[in-house]
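Asks: This structure is in structure tokens; I'll ask about it shortly.
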Ligand code: ATP
Ligand code: MG
């Protein structure tokens with residue numbers, strides 16, 4: 001599961017847990033992005049902070065782990081590179097790429113999308129405020145196996161990292177939207193507050 005994870009929140013964790021259960025996955029690897037190419041207009045918190053928050057949030061689940069593949073890569077993050085790296089590291093694994101409905105909708109803006117389907121099966125999960133369908137992919141999916149993209153309904157959590165950042169910037173609580181350890185990490189590192197670490201605006 002790739003993401004900016006700025007910060008990681010319970011929407012991400014429920015999505016991962018639901019897909020792991022539904023597809024009987026051995027492991028879910030969270031892969032925080034390096035420099036997110038689609039988010040270059042806003043400042044993103046330092047990769048190390050996003051990585052550590054992801055580690056804190058996933059540490060208690062034996063099936064969850066975190067990969068540095070994207071944050072240690074010099075260039076901007078493309079999902080195809082992430083999947084190639086993961087395939088090299090786990091040559092015998094069947095890879096599934098977990099995305100929310102919004103990310104799935106923009107799948108065709110990703111690079112080398114045709115190769116993406118060769119590297120992994122895609123699982124789109126429902127997300128409040130976004131329509132979950134693959135109709136726009138139909139033309140491209142015609143020549144793909146039926147399970148190239150699966151969409152599943154998961155418990156709806158209307159949480160976004162943007163809203164968490166906005167709340168932290170305004171001094172409002174993020175308790176229960178993100179894991180407790182992440183609340184404490186945000187506060188310890190002064191993330192998302194004006195003049196704090198890594199960012200100047202919460203937008
Ligand atoms: P931002 O508001 O900064 O874009 P975000 O909450 O969308 O943050 P990302 O790191 O961009 O989080 O998302 C990583 C992945 O998790 C994406 O595939 C996204 O669709 C999915 N996702 C994020 N929040 C939810 C949610 N509440 N329910 C389901 N999927 C989610
Ligand atoms: Mg997002």
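Asks: All but one of (1) within 16 Å of ligand 2 (Cβ to nearest atom); (2) over 18 Å from residue 145 (Cβ atoms); (3) in contact with a helix residue (DSSP H, G or I) (Cβ under 6 Å, 6 or more places away or on another chain) hold for residue 124; state the number of the condition that does not hold.
Replies: Of (1) within 16 Å of ligand 2 (Cβ to nearest atom); (2) over 18 Å from residue 145 (Cβ atoms); (3) in contact with a helix residue (DSSP H, G or I) (Cβ under 6 Å, 6 or more places away or on another chain), only one is false for residue 124: (2).
Asks: Within the range 51-68, does at least one residue satisfy the condition of being at pLDDT below 95, part of a loop (DSSP other than H, G, I, E, B) and either farther than 17 Å from residue 120 by Cα or within 12 Å of the chain's Cα centre (by Cα) (or both)?
Replies: no
Asks: While we're looking at this one, here's another question. Quick check on my filter: what residues within the range 130-154 are out of contact with any strand residue (DSSP E or B) (no Cβ under 9 Å at 6 or more places or on another chain), surrounded by 12 or more Cβ atoms within 10 Å (Cβ to Cβ) and either at pLDDT 95 or above or part of a loop (DSSP other than H, G, I, E, B) (or both)?
Replies: 144
Asks: Given the options 166, 127, name the one that is modelled with pLDDT of 90 or more and buried (at least 17 other Cβ atoms within 10 Å of the Cβ).
Replies: Residue meeting the stated conditions: 127.
Asks: Is at least one residue of the range 131-145 under 16 Å from the mean Cα position of the chain (by Cα) and free of Cβ contacts under 8 Å to residues at least 40 places away in the same chain?
Replies: Within the range 131-145, not a single residue is under 16 Å from the mean Cα position of the chain (by Cα) and free of Cβ contacts under 8 Å to residues at least 40 places away in the same chain.
Asks: Still on this model: Out of 72, 85, 24, which single residue is more than 12 Å from ligand 1 (Cβ to nearest atom), at positive phi, surrounded by fewer than 21 Cβ atoms within 10 Å (Cβ to Cβ) and over 15 Å from the mean Cα position of the chain (by Cα)?
Replies: Step by step, each of 72, 85, 24 is checked, and only 24 is more than 12 Å from ligand 1 (Cβ to nearest atom), at positive phi, surrounded by fewer than 21 Cβ atoms within 10 Å (Cβ to Cβ) and over 15 Å from the mean Cα position of the chain (by Cα).
Asks: Find the residue count for the range 143-166, including only residues that are within 16 Å of ligand 2 (Cβ to nearest atom) and over 11 Å from residue 127 (Cβ atoms).
Replies: Residues that pass the stated criteria total 6.
Asks: Got a sec? Which of 109, 33 is within 16 Å of ligand 1 (Cβ to nearest atom), touching a strand residue (DSSP E or B) at 6+ places or on another chain (Cβ under 7 Å) and either modelled with pLDDT under 95 or at positive phi (or both)?
Replies: Of the residues listed, the single one that is within 16 Å of ligand 1 (Cβ to nearest atom), touching a strand residue (DSSP E or B) at 6+ places or on another chain (Cβ under 7 Å) and either modelled with pLDDT under 95 or at positive phi (or both) is 33.
Asks: Looking for something within 16 Å of ligand 2 (Cβ to nearest atom), surrounded by fewer than 17 Cβ atoms within 10 Å (Cβ to Cβ) and on the phi < 0 side of the Ramachandran plot - is there at least one such residue anywhere in the range 43-65?
Replies: yes
Asks: Sticking with this one: Just one of the numbered conditions (1) outside any helix (DSSP H, G or I); (2) surrounded by fewer than 19 Cβ atoms within 10 Å (Cβ to Cβ) is not true of residue 102; which one?
Replies: Among (1) outside any helix (DSSP H, G or I); (2) surrounded by fewer than 19 Cβ atoms within 10 Å (Cβ to Cβ), the lone unmet condition for residue 102 is (1).
The values are calculated or read from the model by the stated rules, or taken from the named source; none is laboratory data. Please read these numbers as outputs of a predicted model, since none were measured by experiment. Backbone-built Cβ (ideal geometry, glycine too); neighbour counts: all protein chains shown.
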